[in-house]
Amino acid sequence: MKSIGIAGAIGVGKSSILRALAGDVALARDLGGAVVAFDADEVLRSARNQPGPLRDAILAVHPPARSADGGLDSAALAKAAFDDPLLLKRLEQLQWPVARAALHDARDAAAAGRASLLLVEAIALLESGLIDELDGVLVLTLPTDQRRARAVGRGLDAAAFDRRDAVQRGLTEALLAAGGIEVSASGSLHDVVTRAGRAIRLLCSANGSRRDPAT
């Protein structure tokens, strides 16, 4: 079984593409087994928003993020983190071990179910070290104005998009330098999934590698 990352900057459409690839019957048939999706960012959102060690550690680092009911005010935390690079880094360091442990569990479960591929969505593959656990990475790319329009269309404030995008500056270039395969996210979902599926088939073939040319 292979493990391949789906990465890219905010607004590029990672989640939609991940879901579509996981449901691609032809891809599963060609690879010889099910395609399983693992969303590291969703795992971390869930861990932050329920009682437990991660939420406690986050509130210890940034007490103002505690909501009136004692939980976590995710919106306040996100704004503070993206306005303060040092706080963002401290929060990320708390979360990477949680993401890695969850990835190991997901991979074990997928292998036990005889899946052919585990697709891993995560923004911070490099900083978290998750990239070292993968057999390859697809890097979705899209011009900034199109990414902003997609994010705003999903309800994110334009100013919030710009703050988050600024924090991620250089992310795409770093992922490509680390061996990621570029896949254009322009066009319809069907078009993007077709391109991504072609790259995945290449990576899962006997001769596939991270250093294959852009798709």
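Hey, any hits in region 60-73 for a residue that's without any contact (Cβ under 8 Å) to a residue 60 or more places away in the chain, assigned to a loop (DSSP other than H, G, I, E, B), open to solvent by less than 20 Å² (accessible area, probe 1.4 Å) and over 23 Å from LEU202 (Cβ atoms)? If you could, list the steps in order and put the result at the bottom.
At the first step, the residues of region 60-73 found to be without any contact (Cβ under 8 Å) to a residue 60 or more places away in the chain are 60-73.
Now narrow it down to the ones that are assigned to a loop (DSSP other than H, G, I, E, B): 62, 67-71, 73.
Checking which are open to solvent by less than 20 Å² (accessible area, probe 1.4 Å) leaves us with 71.
Then keep just the ones that are over 23 Å from LEU202 (Cβ atoms); that gives 71.
For region 60-73, residues without any contact (Cβ under 8 Å) to a residue 60 or more places away in the chain, assigned to a loop (DSSP other than H, G, I, E, B), open to solvent by less than 20 Å² (accessible area, probe 1.4 Å) and over 23 Å from LEU202 (Cβ atoms): present.
Go through (1) of a type outside the set (Val, Ile, Thr); (2) modelled with pLDDT of 95 or more; (3) buried (at least 18 other Cβ atoms within 10 Å of the Cβ) one by one and return the number of the condition GLY33 breaks.
With (1) of a type outside the set (Val, Ile, Thr); (2) modelled with pLDDT of 95 or more; (3) buried (at least 18 other Cβ atoms within 10 Å of the Cβ) applied to GLY33, the lone miss is (3).
How many residues does region 162-201 hold that are open to solvent by 60 Å² or more (accessible area, probe 1.4 Å), among the aliphatic types (A, V, I, L, M) and in contact (Cβ under 8 Å) with a residue 24 or more places away in the chain?
Total meeting the criteria: 2.
The values are calculated or read from the model by the stated rules, or taken from the named source; none is laboratory data. All figures in this text were calculated on a predicted structure; none of them were measured in a lab. Backbone-built Cβ (ideal geometry, glycine too); neighbour counts: all protein chains shown. For accessibility, only protein heavy atoms count, side chains too; no ligands or nucleic acids. Shrake-Rupley method; radii C 1.70, N 1.55, O 1.52, S 1.80 Å.
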